[in-house]
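Quick notes on the structure that follows.
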Amino acid sequence: MTEKYINPHTDFGFKRLFGSEFNKELLISFLNAMFHGEQNVQDVTYLNSEQLGDRADARRAIFDVYCENDRGEKFIVEMQNVYQEFFKDRTIYYSTFPIREQAQRGGEWDFHLNPVYTIGLLNFNFAEGLQNAKRWHHEVKLIEVDTHEVFYDKLTYIYVEIPKFDKKETELVSMYDKWMYVLKNLSNLMQRPAALQERVFTRLFEQAEIAKFDNQERRLYEDSVNAYRDIVNAIRTAEKKKFAEGRAEGRAEGRAEGIIEVAKSMIKKGMSVELISEVTGLSHDEIQRI
């Protein structure tokens, strides 16, 4: 392997950094940074990340990280590399498990619920319902339509579009900026950036350095990387096929028009600007204009 640090988009990489009791200070730091001081998470308890429905044949929900803080608030944190149909529905479905498990069996339960946060870290641009949003951080709550006031503040969905984060190291200001820079660029770094001098990043880079893995950890990580690459290659193959179809059509009706149609199709599917540019040859500015 040529990388010095792990890829946090892989299953092994994400769970090593955020899903282990040994490194939970990393998760605590990330959550506090993401909520911009609105949360003050002091500690988290990892919960069973595989939840079962009420029936034996119920569909399972498996989360990358499922935890609660010291106030009993629940957090689902998931890294999602590929857009899937009904992805929005899936995040809503996931949020029902930590809601339902709060129901007290027996006694007189008054239906009081602790807040639930479902956080999707997306390695693609989420076009479904967010195509007009220019920011990369999206916070969704139940609101009253006429007043736009929050109707219920205990159920929150946060979608973070990693490809849209484009700040350079010299532009990093907040801790959230720094965490986003790590999530997007960690596997491409050869040394710890000067802007990331906080103690928590000392821990992160120590845990992320591949050379420090034992044989079993290295094997597990290599398997996880191969699975991640299979996903990426499958996407690229599918889009190249789509591009070839569009190019053939373009020769009949005009090559430029065919390429633009392919780009539009990729945008609708939530593909990243980088991938669209690579497949179609269009510049980032041309894609933004489309």
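The values are calculated or read from the model by the stated rules, or taken from the named source; none is laboratory data. Quick caveat: nothing in here was measured; it's all calculated off a predicted structure. Glycine also receives a Cβ, built like all others from the backbone with ideal geometry; neighbour counts cover every protein chain displayed. All accessible areas refer to the heavy atoms of the entire protein, side chains included, with ligands and DNA or RNA removed. Shrake-Rupley method; radii C 1.70, N 1.55, O 1.52, S 1.80 Å.
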Hits in the stretch 74-98 (condition: open to solvent by less than 50 Å² (accessible area, probe 1.4 Å) and hydrophobic (A, V, I, L, M, F, W, C)): Phe75, Ile76, Val77, Met79, Val82, Phe87, Phe97
Residues of the stretch 165-192 satisfying the condition of being in contact (Cβ under 8 Å) with a residue 60 or more places away in the chain and of a type outside the set (S, T, N, Q): Met175, Tyr176, Lys178, Trp179, Val182, Leu183, Leu186, Leu189, Met190
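Looking at the stretch 115-135, is at least one residue in contact with a strand residue (DSSP E or B) (Cβ under 9 Å, 6 or more places away or on another chain), among the charged types (D, E, K, R) and open to solvent by 20 Å² or more (accessible area, probe 1.4 Å)?
As a first pass, look at the stretch 115-135 and keep what is in contact with a strand residue (DSSP E or B) (Cβ under 9 Å, 6 or more places away or on another chain): 115-126, 129-130, 133, 135.
This time we only want the ones that are among the charged types (D, E, K, R), so: 135.
Now drop any that are not open to solvent by 20 Å² or more (accessible area, probe 1.4 Å), which leaves 135.
The answer is yes, given that some residue of the stretch 115-135 is in contact with a strand residue (DSSP E or B) (Cβ under 9 Å, 6 or more places away or on another chain), among the charged types (D, E, K, R) and open to solvent by 20 Å² or more (accessible area, probe 1.4 Å).
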Number of the condition not met by Phe111 [criteria: (1) modelled with pLDDT of 90 or more; (2) assigned to a loop (DSSP other than H, G, I, E, B); (3) out of contact with any Gly (no Cβ under 6 Å at 6 or more places or on another chain); (4) surrounded by 12 or more Cβ atoms within 10 Å (Cβ to Cβ)]: (4)
Answer residue from the stretch 151-203, given it is of a type in the set (Gly, Ala, Ser) and surrounded by 16 or more Cβ atoms within 10 Å (Cβ to Cβ) and is farthest from the chain's Cα centre (by Cα) among those: Ala195
Conditions (1) within 27 Å of Asp11 (Cα to Cα); (2) in contact with a Gly (Cβ under 9 Å, 6 or more places away or on another chain); (3) not charged (D, E, K, R); number of the one not met by Val82: (2)
